[in-house]
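Comments concern the structure below.
The values are calculated or read from the model by the stated rules, or taken from the named source; none is laboratory data. Owing to the predicted nature of the structure, the values given are computational and were not obtained by experimental measurement. Cβ: placed from backbone, ideal geometry, glycine included. Neighbour counts: every protein chain shown. Just so you know, the surface numbers come from the protein's heavy atoms only, side chains and all, with ligands and any DNA or RNA stripped out. Shrake-Rupley method; radii C 1.70, N 1.55, O 1.52, S 1.80 Å.
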Amino acid sequence: MPFMFTLAAKLRAMDKTNRFSAALVAVFVLASATFMINYHRPSGMFWDENYYLTAVQKYTDGYVFFESHPPLGKLFMALGENVFGRNDHLDRSAFTLTEKIDTVPKGYSFIGVRFFPVLFAVLGAVLFFLILNRLIGKPFFAFIFSGFYVFENAFILHSRGAMLDSTQLFFIFAAIALFIRYTDGGRPIRQRQYFGLGAVIGLAIMVKLNAAFLLLLFPVLFLYEHRASIKERWLRQRAAFWLDLLKKTAVSAGAIALVAFAVFMIHFSLGDRIPGGQTQKISPEYRSIIARGETGNIFNFPIMLRDYVAYMSSYHENVPKFRKYDESDNGSRPITWPFGEKSIRYRWNKTGGHVQYLYLQGNPVIWISGLIGLALAFALVSGRLVFRHRPEDPARNRLFWYITFFFGLYAIYMAMIMRIDRVMYLYHYFIPLFFSLFLAALVFAYIFREKVEQGDRVLMIACGIFFVEILAAFVFF
């Protein structure tokens, strides 16, 4: 315990810039350790890698194909595979004949195909810290709560494979970071900033469509920007209000459309051959475009996009429904996701008398913290709405605004997901999980605002102990 007091005193003695730099480097190093070390292991596929490896090979060999998700995540995987080139000597032609493979050639390396998902996971940790540091204003506490990200077992396991979620979450965090910067700076929000936010949201949507809930950031941002005129000068400035709304809606939509167009055009231009036996998925018009060698022609974009979207729609319509009473079904219900239902066995190896497993298992300390943060945020938001109590402290009011923001994002995402009747899995909860963890950190900062601001030594030690608990649970699982 004397060591903890000494460490707390040294941290308080550091100037703010050095504390920030040290915390940022520490988050990056820890994330690199948990996500990147030996990420090429296991040297076999797990979960959806057997689908994504075929997509990567089709990009490499120039075949036309459609996917259940937009192309950006797989494009990054293909880029990593071709940059490293570890499998160039292997015959992977069988990958192009199917949507799903069961085995990979002996000696197949996963270093390339997993590189960008892992890299985005590490960069996501940096963004997680930067968001917390911006909101709390204290690098030490931002670092402590960044442990929610860098030691989350289930997310680490999932992100160390050739999956889409870490890439998408990076862009989601980037969009949220921009939104916070625009609303927290007290400066006018210009059209180019709407364009930048639209571009980042477009990138998130181009990984997986469920990022479309971020579109709600635009009306919130616009109403925040015009909050004074809405209250005071609504009638006098009505025309100017609607004109500005029209301009910024056009700019935001244009940015998203531009990103989507660029991503899909890259996807279409990389494919100029049809895999054997798969012409039935491609319309006669698209086949004609391929025959003429014009997949890179932007004037053919509508036809190619139409076929891709039609495939995505039919794919999701045919996904099995959740089988509630079937224990062999890996799916789970959104209403029980916050409690960790249900762990998924991604892979297992049996050698001699030993069996090794890869389980999608959340860190219970972290998930419980998210639940507590969610419950306290609900109590805080609903209590203020009911009793109309507004603290005089501007810093607390600022924190309350962002607590309301993240609580709204959580509620909107979960409401959207609960309308889907296809089978869903525990990793679909990663996005709202991290929203609940932001809430846990913000509610903590709200409750202990004065002590956080003063750098109270006892509070810092308590947070250090909590960080050790997170680490211990991570090591155990």
Checklist entry - What helices does the chain hold that run 27 Å or longer along their axis, going by alpha-carbon atoms, with a Kyte-Doolittle average of 1.6 or more, using DSSP H for the helix calls? => result 111-136, 364-387, 457-476
Checklist entry - Normalised by the number of residues in the chain, what is the relative contact order in percent for Cα pairs under 8 Å and 6+ residues apart? => result 19
Next on the checklist: From Cα pairs below 8 angstrom and at least 6 apart in sequence, can you work out the relative contact order of segment 20-169, rounded to a whole percent?
Outcome noted: 37
Next on the checklist: My understanding is that a pair violates if its Cα-Cα distance is over 24 Å; which of K74/K100; K106/K208; K74/K281; K74/K350; K58/K281; K100/K281 do that in this structure?
Outcome noted: K106/K208; K74/K350
Item to check | Cα gyration tensor shape for segment 324-477, rounded if a/c is under 1.5, else prolate or oblate | outcome: oblate
Checklist entry - How many percent of the alpha carbon pairs in segment 31-189 exceed a separation of 21 Å? => result 50
Item to check | Computed accessible area, F435, all protein chains, 1.4 angstrom probe, square angstrom | outcome: 0
Checklist entry - What are the residues whose amide H is under 5 Å from the amide H of Y359, where those residues sit 5 or more places off or on another chain and H is modelled from the backbone? => result Y346
Checklist outcome for this item: With -39,500 (n - 2.57) per DSSP H segment of 4 or more residues and division by the full residue count of the chain, the 222 nm estimate, nearest 500 deg cm²/dmol, is -20500 deg cm²/dmol
Item to check | Carbon and sulfur %, accessible surface of the chain computed with the full protein complex present, 1.4 Å | outcome: 63
Checklist entry - Where in the chain lies the longest segment free of GluC sites (Glu not before Pro) that are both loop residues by DSSP (not H, G, I, E, B) and have at most 10 other Cβ atoms within 10 Å? => result 1-326
Checklist entry - Using Cα pairs under 8 angstrom and six or more residues apart, how large is the relative contact order of segment 326-427, in percent? => result 37
Item to check | Prolate/oblate/rounded call for segment 143-273, Cα gyration tensor, a/c under 1.5 rounded | outcome: oblate
Checklist entry - For segment 409-464, what D do you get in µm² per second when you plug the Kirkwood radius from alpha-carbon pairs into Stokes-Einstein at 25 °C and 0.890 mPa s? => result 180
